[in-house]
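The values are calculated or read from the model by the stated rules, or taken from the named source; none is laboratory data. Remember, it's a predicted structure, so these values are computed and weren't measured experimentally. Backbone-built Cβ (ideal geometry, glycine too); neighbour counts: all protein chains shown.
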Amino acid sequence: MESDTYYPSHYLAAPINPQRALRNMDTAHDEPSVSANKATVVFRISSHRRTVECAITRQALVQYFWAPADADDARLLKAFADGSKRIAAVAERKMLTAQHEPVVLNAADFADRGFA
């Protein structure tokens, strides 16, 4: 079955790079890092022409992103990378209403509130 949809050749030339796609959508992460006290992963996100420093707590990564409770820095960063799309979406929503920086995401920000 042929499609009548025309796709310019540059759309078909290469696979999509998820990190580049995030940057192109006006959402970008600098390289995330584990805070000095090991309690959060710190990152920056840009949206709506605003760049904000954000952090996600270790507890949120343990509870919602499969990081072990005793995870080292590399494992925390892996959990962050694996959940980066969901984390970015929650961070963007929270930054729209945040009155201060950094925007800190905790486990409650990812809790199911009964909305489907």
message: Take residues that are within 16 Å of V42 (Cβ to Cβ) and modelled with pLDDT under 95 and tell me which of the helices (runs of 4 or more DSSP H) falling wholly in the range 58-116 contain 1 or more.
response: 84-97
query: Which residue pairs have Cβ atoms under 9 Å apart, sit 6 or more places apart or on different chains, and have a first residue in the range 91-109 that is free of Cβ contacts under 8 Å to residues at least 60 places away in the same chain and a second that is part of a loop (DSSP other than H, G, I, E, B)?
result: A91/T27; M95/H48; M95/E101; L96/H48
query: For the range 44-67, what are the residues that are touching a helix residue (DSSP H, G or I) at 6+ places or on another chain (Cβ under 8 Å) and surrounded by fewer than 17 Cβ atoms within 10 Å (Cβ to Cβ)?
result: H48, R50, Q59, Q63, W66
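Considering every residue within the range 72-93, establish whether at least one is in contact with a Cys (Cβ under 7 Å, 6 or more places away or on another chain) and among the β-branched types (V, I, T).
If we filter the range 72-93 for residues that are in contact with a Cys (Cβ under 7 Å, 6 or more places away or on another chain), which is where we start, we get 91.
Then drop every residue that is not among the β-branched types (V, I, T), which leaves none.
No: zero hits.
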